[in-house]
Structures are given as structure tokens and as C-alpha cells.
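The numbers here are math on the coordinates, done by the rules we state, and not lab data. Owing to the predicted nature of the structure, the values given are computational and were not obtained by experimental measurement. Note that we place each Cβ from the backbone using ideal geometry, even for glycine, and neighbour counts take in every protein chain shown.
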Amino acid sequence: MSASSFLEGNACVVGLQWGDEGKGKIVDFLSEQADVIVRYCGGANAGHSVMINGVKHSTHLLPVGVFREHTLNLIGNGVVLDPQKLLEEIEVNTRKGFSITPRTLKVSYKTHVVMPWHKLEDAAREAAAGAGGIGTTKRGIGPTYADKMHRTSAIRVGDLLREASLKEKIERITTDKNKVFSALYGEKPLDARTIFEEYSEYGRKIAPFVDDTGYLLIQAWRAGKKILFEGAHAALLDVDHGTYPYVTSSSCSTLGLFSGTGAPPQCVRQYIGIMKAYSTRVGGGPFPTEQDNEIGQRIRDRGNEYGTTTRRPRRCGWFDAVAVKYSVDLCGVTSVALMLLDVLSGFDQIKICTGYRVKGERIPYFRTDVETLAEVEPVYETLPGWQTDLSECRSFESLPREARDYIDRLQTLIGVPIRMVSVGPDRSATLIR
Ligand code: IMP
């Protein structure tokens, strides 16, 4: 099966756990056959890495399609854009030889802008909350989405290009924010003039990339182009359907792709779920299968489970089939890519969580409310492990029997076919079946 068959009727790639499943690698693999790659949610809190010829490349805001010469890359209206970070990413990757130009990258004029007060508020709120905080990336994500909903205190990419009104907006919003920051957090006042100078300069630099991406997307769809929607974060971090409040602030399940881009629902038929062979989570929130012990540390070391964006150590644990089945159902997943299977080599036994018990009662489904989730006791099934290093395997058949049995068991539990298996970071270490 080639990359193009996954794009039949266009596709969306989505994380099925708490993020960091390796979506970047699969988007990169599929983008070889795609014409348009579209990011629809989140901001510079995301981190996608791809390994090309042994060299690691990362993006936070840029769609992973920028590493292919032939693709058009769109940043949709559902994203929150830190212009400084975007320009840095364009510069770094251009220096590495990738061509990122207004012909290959377009940013929606409707995309909301992360302003200095958003980052300040994110950090101040987390500091004030102490141990009760969310454990955010402090990239200003939540406050930017909150202002999007407030409307009068929001700034969109299109606003950066209109200097007179931008100046007026920044002055007005800064005056209000300074009152709040000094009263609530004892922060020093922000200077509207400095912010205006900085952001109008970003506006001048970004202007050539700004476009009506919703219109471009519909044109591309009508012309029969192959479109790939690049999810960021994951279903269990979705603001509505994730483990609220320990979530990010965007609609990062597949359900957000339509509002986050302006694509019509019938334009996407394939929903490709990405999951690791185990579970990880960054930041706070209940995590039923967490192994805060030697097992978790071994997974962390072998899987290099440290955040791409913040370098925080990730919490690690066994695969949770109850949680993933929930995400599969929520996201309408049609096939799955199983990532980082090689990390589990060397365990004598591997556990899979197949059910939950709450106060002794078995519950057959996932609950996102953190009060219940914090109380669940995972019910485990134990499978034999394998000792072989999988990183050189290049076909499904060459995997040891125990690894194949593990994949088959996961597939049965989540109820959708596992079509891709990744055993290493390189493009070639992706097995298709
Ligand atoms: P925020 O997105 O910075 O507001 O952080 C909210 C929560 O989502 C924190 O627990 C973050 O660690 C988590 N989070 C946000 N983006 C990602 C991601 O891409 N991978 C994993 N966790 C994430």
C-alpha cells in the first residue's frame, strides 16, 4: 500500500493519546503524495519532528509539508500564530536549504495572533495557580483563544497589515491588560508603542504570505488536489472532548478541522489516527496507566520522551486501549499508524490496559471527567515481550512473532486496522500493511 492510497478522498492525521505520538513523521511520509498540507489548530505549543537522511528537523507552527518541494502549505484560521516564532522557523529552515516562500506557504488572514500580553498572562496564571495549574507550555495559547472568543480584545493576522488600526487596537488593549496585570499579578506595565513597533514590523514581513486560505482550500478541493490536514496535539487534549481542564485550548481532535480551516465536511474521507505503542503525557492531569517507576523511566530513556517544545520529561506508561478506543470513535478514525514500537523491545512482559474499574465496578468506556479518571484502576492484560531490536525491520513479516501478536491485539481492542507501524525515526522505518 502506497502513501497515495491513504490520501484517497483526502485525509486528516490526528493524535489519539495526549500528544507527541509522532504525527510529524506520518505527515511527512504522506506528504510525498499530497498537494496541499493544512494545519488547523494550536500554535507554537506543538512540536513536530521529522528525520530526513539522518538529520532531525522540527516545526512548531509550519506544516510539515514545508520539507517537500512540491507542496502548498496552509496555516488555517484555527491556529494561533506567534509571528516571531513563525519568522524564526521560516529563517532557520530556509538556512537549512528548504524553500519556504509566499508560493509554498500561506497564512489565513483570520488566524489569531499571540501577543506579548498572552504569554505574560499564561505564565502569570500558571505561577498563581501553583500546583493547581494546568502545566501549560506558557506559549500564550489559552489566553489567545480566550481573547478570540472575547472578540474586542483580539488581534488577527489581517490586523497586523493595517497599521493605523493596529496602533489604535494595541493602545486600547494594552491599557486594559495593564490594569488587570497590575491588579491581579503585580506585573510591570507593557508599553504599547514598543509592541506596536515590533508587531507592525512582523506584519510587514508576514504580509506576502497572508491570504484567504479557506478560499484556496476550496479551489484546491474542486481541482481534485490531494489535501492532507495536519492535526496538532491530540484528541485527549481537545478543549471540549479531552480530559478537561488538563487540555489545550483548541479543538484538536478531527472535529476542529472544519472550523479551523473552512473546509466543507465532505472534503475529507480518511482519518488516520496516530498512537504510540505505549502512553505518554506532559503537564498535569490524571493518567491511569502511568508508570512512575523503573518501567516508566525505561520507556522515557529508550523513547527519548522529553518535550520537543519545552524539553520537559514526559510521563510514561502502558498502552491504554480504553482511552484510544474513545479517541478512535470520537475522531471517526479509518486507519491507524502505530509509532515507536521499537521502544518496547527488551521487556519480558508488556501490559495493555483493556478496561477500567471505578470503586470496584467495571466501566467499559473512557470517561474524560478528571474526577472519575483520577479514581480508575486500570485492568491489564499481559503479553509476552520480545528481545530483538526492531529498528532494522523493513517489513511487517520480519517483526518477531510477539511484536506482531501485540499489534494484532491492539488492533482488536481499538477496532480499526493498524496499517502503518513505525520502528525508528527515519522515513524508511515505516512498515505498511
Ligand atoms: P497549552 O497548550 O500550552 O495551554 O498547555 C495545556 C496542556 O496541553 C499542557 O499539559 C501541555 O503540556 C499540553 N500540550 C499542549 N500541546 C501539547 C503537545 O503538542 N503535546 C503534548 N502535550 C501538549
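Shape descriptor for segment 332-430: Rg over Rh equals 1.03 (Cα atoms; Rh from the Kirkwood inverse mean 1/r). Helix-only estimate, please: 222 nm mean residue ellipticity of the chain, summing -39500 (n - 2.57) across DSSP H runs of length 4 or more and dividing by its residues, to the nearest 500. Dividing the helical sum by the residues of the chain leaves -10000 deg cm²/dmol. Treating each Cα of segment 199-267 as one equal point scatterer and applying the Debye formula with no solvent, the log10 of I(q)/I(0) at q = 0.14, 0.17, 0.25, 0.27 Å⁻¹ comes out as -0.60, -0.78, -0.98, -1.04. Every Cα-Cα pair of segment 231-278 was included, and the share exceeding 12 Å stands at 63 percent.
For segment 112-208, the ratio of Cα radius of gyration to the globular rule of thumb 2.2 N^0.38 Å stands at 1.09. Looking at segment 255-414, the pairs of alpha carbons with a distance over 22 Å make up 49% of the total. The protection proxy used here, the mean number of other Cβ atoms lying within 10 Å of each residue, ranks peptides 243-249, 36-42 as follows, highest first: 36-42, 243-249.
Between helix 401-414 and the chain there is an angle of about 60 degrees, using the helix long axis and the longest principal axis of the Cα atoms. Among 300-313, 112-125, the peptide with the highest mean count of other Cβ atoms within 10 Å heads the list, and the full ranking is 112-125, 300-313. Remark on the chain: Rg and Dmax equal 21.7, 67 Å (Cα only). Considering only beta bridges that DSSP places wholly inside segment 312-433, some 75 percent are antiparallel. If the Kirkwood radius is taken over C-alpha pairs of segment 192-236, then at 4 °C and 1.567 mPa s the Stokes-Einstein diffusion coefficient equals 94 µm²/s. Along its first, second and third principal axes, ordered by size, segment 279-338 spans 33, 23, 22 Å in Cα coordinates. Summarised in one figure, the compactness ratio Rg/Rh of segment 383-424, Cα atoms and Kirkwood Rh, is 0.95.
Take every pair of alpha-carbon atoms less than 8 Å apart whose residues are at least six positions apart; their mean separation over the length of the chain yields a relative contact order of 20 percent.
Throw me the Rg/Rh for segment 347-405, computed over C-alpha atoms with Kirkwood Rh, two decimals. Rg divided by Rh gives 1.18. Share of pairwise Cα-Cα distances greater than 17 Å in segment 192-341 is 71 percent (whole percent). Looking at segment 1-139 alone, DSSP beta bridges between its own residues are antiparallel in about 35 percent of cases.
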